[in-house]
Amino acid sequence: MNELSTIWPIFGLRLFTPRLVLRPITDEDIPAAAEAAMSGIHEPGRSPFSNPWTELPAESLGPNMAHWYWRCRGGMSPESWTLLFGIWYDGEFVGCQDVEAKDFATLKTVTTGSWLKQSVQGRGLGKEMRAAVVGYAFDWLNAEVAESEAAAWNDASLGVSRSLGYELNGRTRTAWGGKRQNVQKVRLTPETFKRPDWTLKVEGHEPAATYLGL
């Protein structure tokens, strides 16, 4: 029997940093992802996400996450795609780092988002996993711009962005989960990227890139 990655090449993609393994989340990983999220990501009532999914009741959180992963896979095409990387640290699932693009062949732009369970925050893992995906986007996918955003009060996320060389790219006011939020946008290019002192290792790139039309 063929491995699933021969049918869905995205599942064969792997990114390796000194401390982390990043690979697309499979159905078998969803229970671990839900458990990590339910262990706590942020202080109650202080959601850093545009969609406050972490505030769902425990019985709804797992199904909601599974639905999101399936929807992203089902809608993937060369014109619009999202890579949902699970993050493994010391063999444990600890978070997620996503990379999204629309009309990538024309715009050469990706956007990123992420989360880490609280018990491993404060160790520099957020910076390491963001450096991994933007390095992959620039050096392997030939992206020219990486964009992100965070609530203006989210010093941790904006601190990661500053440390990697992102530049401020305007502030907007929007509604997140029915609440007014000031959102800081940031922008990174290969020229401004403050690269880490380690080299990213990549496996399974060619089949994945071919599937994405790259």
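Mind running the shape call on the stretch 58-141? Use the C-alpha gyration tensor, a ≥ b ≥ c as the square roots of the eigenvalues: rounded below 1.5 for a/c, prolate if a/b tops b/c, oblate otherwise. Let's see the in-between values first.
Working: a/c = 2.73, a/b = 1.23, b/c = 2.22.
It is oblate, given that a/c is not under 1.5 and a/b is not larger than b/c.
Going by the alpha-carbon gyration tensor, a ≥ b ≥ c the square roots of its eigenvalues, is the stretch 92-162 rounded (a/c under 1.5) or, if a/c is not under 1.5, prolate (a/b greater than b/c) versus oblate? Working shown, then result.
Values: a/c = 2.28, a/b = 1.69, b/c = 1.35.
The shape class here is prolate.
Please turn the phi angles of the stretch 103-110 into ³J(HN,Hα) values with the Karplus equation 6.51 cos²θ - 1.76 cosθ + 1.60 (θ = phi - 60°), one per residue in order, whole Hz, x for glycine and proline.
Couplings: 6, 4, 4, 8, 8, 6, 10, 10 Hz.
For THR109, what charge total do you get from the other residues with a beta carbon under 14 Å from its beta carbon, if Lys and Arg give +1 and Asp and Glu give -1?
-2
On the accessible surface of the chain, probed at 1.4 Å, how many percent belong to carbon and sulfur atoms?
With neighbouring chains kept in place, the figure for the chain is 49 percent.
So which residue, out of ALA143, ALA105, ALA131, gets the largest mean-square fluctuation from a GNM of the chain using Cα contacts under 10 Å as springs?
Greatest mean-square fluctuation among the candidates belongs to ALA105.
Please give the calculated 222 nm ellipticity per residue for the chain, where each DSSP H segment of at least 4 residues contributes -39500 (n - 2.57) and the sum is spread over every residue; nearest 500 deg cm²/dmol?
The helix contribution divided over the chain gives -9000 deg cm²/dmol.
Give a residue-ordered list of calculated ³J(HN,Hα) values for the stretch 136-143 (Karplus: 6.51 cos²θ - 1.76 cosθ + 1.60, θ = phi - 60°; whole Hz; x for Gly, Pro).
4, 4, 6, 8, 10, 9, 6, 5
Probe of 1.4 angstrom, ligands and nucleic acids ignored: what's the accessible area per residue over the stretch 68-214, in square angstrom? Don't jump to the answer; show the numbers that get you there.
Details: 7360 Å² over 147 residues.
Using a 1.4 Å probe on heavy atoms only, each residue of the stretch 68-214 averages 50 Å².
Report, ordered by chain and residue number, the lysines lying within cross-link reach of LYS194, taken as a straight Cα distance under 17 Å and ignoring same-chain residues fewer than 8 apart.
The reachable lysines, counting only those whose Cα sits under 17 Å from LYS194, are LYS127.
Given charges of +1 on the Cβ of Lys and Arg and -1 on the Cβ of Asp and Glu, with all other atoms neutral, how large is the dipole of the stretch 80-125 about its Cα centre, in debye to the nearest 20?
In total the dipole reaches around 100 debye.
May I ask you to compute the full-extension gain from LEU168 to GLU28, defined as 0.36 nm times their residue separation minus their alpha-carbon distance, rounded to one decimal in nm?
Extra length from LEU168 to GLU28 when fully extended: 46.6 nm.
Hey, got the dipole for the chain? About the Cα centre, +1 on K and R Cβ, -1 on D and E Cβ, debye to the nearest 20?
740
Can you give the FRET efficiency for TRP153 and MET76, using 1/(1 + (r/R0)^6), R0 = 41 Å, r = Cβ-Cβ distance, to the nearest 0.05?
About 0.80, to the nearest 0.05.
The values are calculated or read from the model by the stated rules, or taken from the named source; none is laboratory data. Worth saying up front: this structure is predicted, and the values here are computed from it rather than measured. For neighbour counting, all protein chains shown are included, and Cβ atoms are generated from backbone atoms with ideal geometry for every residue, glycine included. Quick note on the areas: whole protein, heavy atoms, side chains included, nothing else; ligands and nucleic acids left out. Shrake-Rupley method; radii C 1.70, N 1.55, O 1.52, S 1.80 Å.
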